[in-house]
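Novice: Sharing a structure here in structure tokens format.
Laboratory data are not the source of any read-out in this text; all were calculated from the coordinates shown. On a predicted model such as this, the values are computed, not experimentally measured, just so you know. All Cβ positions, glycine included, derive from the backbone under ideal geometry; neighbour counts span all protein chains shown.
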Amino acid sequence: MKKQILIAAAALAASAVPAFAHLDPMAHGSLMAGLSHPLFGGDHIVAMLAVGLWAGEIGGRARWAVPAAFVATMAIGFALAVIGVGLPFVEPAVLASVIALGLIVAIAVRLDATKAAAIVAIFALFHGHAHGGELGAAGALPFAAGFIIATALLHVAGIVFGMALARLSGGGSLARLLGGITALAGAALMLG
């Protein structure tokens with residue numbers, strides 16, 4: 001009986017997740033809306049964690065350079081959207097980034113920090129543009145500060161989580177498994 005109650009509670013909680021979505025940036029445009037925005041979008045969370053996982057897998061200078069490149073270029077993409085500069089295929093590029101980043105982690109692609117930073121920067125431009133495109137004209141600076149902070153924290157969580165998984169599995173096999181799950185989640189989002 002307890003097991004059935006737990007399953008029912010989990011199903012109910014999972015069905016309620018879309019209702020939370022994001023604080024509406026058009027209505028709020030605040031620091032809190034920006035902080036919450038990446039935390040309630042599945043595509044945002046898994047992509048940001050994957051960037052951190054990959055940076056952790058590469059190690060060395062990449063641990064800070066890769067997430068920093070993502071955050072900086074994401075801010076540029078946001079600014080472009082706010083001032084009205086369009087980018088083609090923003091939403092498909094965001095979904096493609098989830099799949100690509102997941103695959104990169106899954107197959108443990110080893111690049112130097114500069115090349116890895118350049119790859120994530122391409123994805124980040126579209127992520128930032130998507131954030132800016134959702135904002136409209138309401139409170140751009142507080143909203144941007146919030147989603148930049150949240151994104152950086154998700155990157156740090158990915159790095160720390162990846163390092164912990166590497167210790168637990170005696171290598172990166174668990175992180176690679178998460179990368180594969182991330183790629184599949186991206187494919188499901190794209191098809192859904």
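Novice: Under 15 Å from the Cβ of residue 74, count the other residues' Cβ atoms, weight Lys and Arg +1, Asp and Glu -1, and hand me the total.
Specialist: Spelling it out: positives minus negatives among the neighbours equals -2.
Novice: Can you tell me how region 100-192 classifies by the Cα gyration tensor, rounded, prolate or oblate, using a/c under 1.5 as the rounded cut?
Specialist: It comes out prolate by the Cα gyration axes.
Novice: Let me make sure I get this right: for region 144-192, a, b and c are the square roots of the gyration tensor eigenvalues over alpha carbons, sorted descending. Under 1.5 in a/c it's rounded, otherwise prolate if a/b > b/c, else oblate. Which is it?
Specialist: oblate
Novice: Show me 157-168, 122-133 ranked by packing, highest mean number of other Cβ atoms within 10 Å first.
Specialist: The most tightly packed comes first, giving 122-133, 157-168.
Novice: Here's a follow-up. If you place +1 on the Cβ of every Lys and Arg and -1 on the Cβ of every Asp and Glu, how big does the dipole about the Cα centre of region 41-191 come out, in debye to the nearest 20?
Specialist: 460 debye
Novice: Within the set of other residues whose C-beta is less than 11 Å from the C-beta of residue 50, count the net charge using Lys and Arg as +1 and Asp and Glu as -1. List each step's numbers first, then the result.
Specialist: Values: positive: none; negative: 43, 57.
Neighbourhood net charge equals -2.
Novice: Okay, next question. Can you tell me the order of 55-68, 102-115 when each peptide is scored by its average per-residue count of other Cβ atoms within 10 angstrom, highest first?
Specialist: Ranking, from highest mean packing down: 55-68, 102-115.
Novice: How many angstrom separate the Cα center of region 124-159 from the Cα center of region 33-90?
Specialist: 7 Å
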